[in-house]
1. Being open to solvent by 50 Å² or more (accessible area, probe 1.4 Å), part of a strand (DSSP E or B) and either farther than 21 Å from ILE255 by Cα or hydrophobic (A, V, I, L, M, F, W, C) (or both) is the filter here, so list the residues in segment 306-320 that pass it.
2. I'd like the full set of residues that are touching a Ser or Thr at 6+ places or on another chain (Cβ under 9 Å), not in a loop (DSSP other than H, G, I, E, B) and not acidic (Asp, Glu), limited to segment 181-202.
3. ASN184 is checked against (1) more than 21 Å from ILE255 (Cβ to Cβ); (2) modelled with pLDDT of 90 or more and fails just one. What number does that condition carry?
4. Kindly indicate whether any position in segment 194-205 is within 28 Å of ALA254 (Cβ to Cβ), among the hydroxyl-bearing types (Ser, Thr, Tyr), surrounded by 13 or more Cβ atoms within 10 Å (Cβ to Cβ) and at pLDDT below 90.
5. Any residue in segment 13-26 that is free of Cβ contacts under 8 Å to residues at least 40 places away in the same chain sitting within a Cβ distance under 6 Å of a residue that is part of a helix (DSSP H, G or I) and among the polar types (S, T, N, Q)? List the pairs, counting only those 6 or more apart or interchain.
6. Which members of segment 114-173 meet the condition of being within 29 Å of PRO75 (Cβ to Cβ) and hydroxyl-bearing (Ser, Thr, Tyr)?
7. So GLY249 ticks every box in (1) out of contact with any Gly (no Cβ under 7 Å at 6 or more places or on another chain); (2) at pLDDT below 90; (3) open to solvent by 30 Å² or more (accessible area, probe 1.4 Å) but one. Which box is left unticked?
8. Anything in segment 27-54 that is more than 19 Å from LYS95 (Cα to Cα) and within 36 Å of the chain's Cα centre (by Cα)? List them, or say none.
Amino acid sequence: CSNEKQETTVIKSFSLNSGDTLIESLQKINLPVTTSIEIINNLKKVFNPRYCKPGDSYEVVVDTSNNWTRFCYYPSGSDYYCIEKQENGNIESLKKPKTTITTTLSKRGLIETSLWNAMISNEIDPEVIISFAEIFAWQIDFLTEPRVGDVYKLVWEKTVTEHDGKTIEEKIIGAQYIASGHTNTAILFEHDNNKTGYYNINGDSLFKAFLKAPLQYRRISSFFSNRRFHPILKIYRPHHGIDYAAPIGTPVSAIGNGKVIFAGKKGGYGRLIRIKHSNGFESYYGHLHGYARGIKTGSYINQGQVIGYVGSSGLSTGPHLDFRMKKHGKFVNFLKLKIPPSKKIPEKEKPEFKKAVKNILTLLAKID
């Protein structure tokens, strides 16, 4: 709007505060009620004023008689909205893309307590920290695995609006997590169909067929064993699962896509959910307190979808999740299972992917 400023016009700018409505805000800058109503009615053609939020801003171009000629509204996101009064009196309502500026940023740091604390102290935005953790969610359990001295490195693009400097997007294009001499690397790659994904340097997707854990847990109270002393039955018998200790009500997520083949009470398991996955895998979730809404036998489930909540039903001495995995009908140790990637880089795209790997590794190396 600033380009419209002339000697006979004035630009009035304002930001919405908590509790403000747009019409009240327009009156605070001394616009007549009829003018405010006219602006809002024309804004409704391209933007619903009900979606106005604190922090949004606007500009009004008025002449020396306080007659408006242009109004621009800037909500969050990549678009803004302009109402323009033409010389013939007609009013045009327009939706326009914001002019943006993208910069490439990079950071490196050491873990002293947790990944979150290390990145926050390095002035990395929370959204970027969450993205970093999600990218490596299938390789690293950031709740239990990080150790003092581990190293993180990341390169990301930050896009802001030229108008007010507000962040539109922050996208990690390359990242590494180095622990005990092993380097986990993530490369962002855009496919021919414009879809993107994160891959390791060999072209394997970082998105795995199964999550690393079905919940946020405090500790593993019992591991997979062929001979464990049962605390209630007072006998030794196999424990072909993993007990994740967590408070009652902790959400439990499906480790992978699949179909619920059982949801109900089952002996010592108490409340149990069984999910059938592809390639002969089947997962068990026992001792549940309850089931998530809509979960029943026959339901189709997406990876990461909440299916139930930690409890202590059945033969249980305290709240935990009894999690088990079968492969082709036989229980297997999930913690030692080599989980396959969901996909690989297609052969025809490998030359471009190798270029992307070289570029990203160069950027990561420069952080040192």
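1. VAL306
2. We begin by selecting, within segment 181-202, every residue touching a Ser or Thr at 6+ places or on another chain (Cβ under 9 Å); these are 188-190, 197-201.
Pick out the ones that are also not in a loop (DSSP other than H, G, I, E, B) and you get 188-190, 197-199.
LEU188, PHE189, GLY197, TYR198, TYR199, listed by residue number.
3. (1)
4. There is at least one residue in segment 194-205 that is within 28 Å of ALA254 (Cβ to Cβ), among the hydroxyl-bearing types (Ser, Thr, Tyr), surrounded by 13 or more Cβ atoms within 10 Å (Cβ to Cβ) and at pLDDT below 90.
5. ILE23/SER36; LEU26/SER36
6. Answer for segment 114-173, where residues must be within 29 Å of PRO75 (Cβ to Cβ) and hydroxyl-bearing (Ser, Thr, Tyr): SER131, THR159, THR161, THR167.
7. Among (1) out of contact with any Gly (no Cβ under 7 Å at 6 or more places or on another chain); (2) at pLDDT below 90; (3) open to solvent by 30 Å² or more (accessible area, probe 1.4 Å), the lone unmet condition for GLY249 is (2).
8. PRO54 - this is the single residue of segment 27-54 that is more than 19 Å from LYS95 (Cα to Cα) and within 36 Å of the chain's Cα centre (by Cα).
The values are calculated or read from the model by the stated rules, or taken from the named source; none is laboratory data. Because the structure is a prediction, the values reported are computed rather than measured. Methodologically, a virtual Cβ is constructed for each residue, glycine included, from the backbone with ideal geometry; neighbour enumeration extends over all protein chains shown. When the accessible area is computed, the model is the full protein with side chains, heavy atoms only, and any ligands, DNA or RNA have been set aside. Shrake-Rupley method; radii C 1.70, N 1.55, O 1.52, S 1.80 Å.
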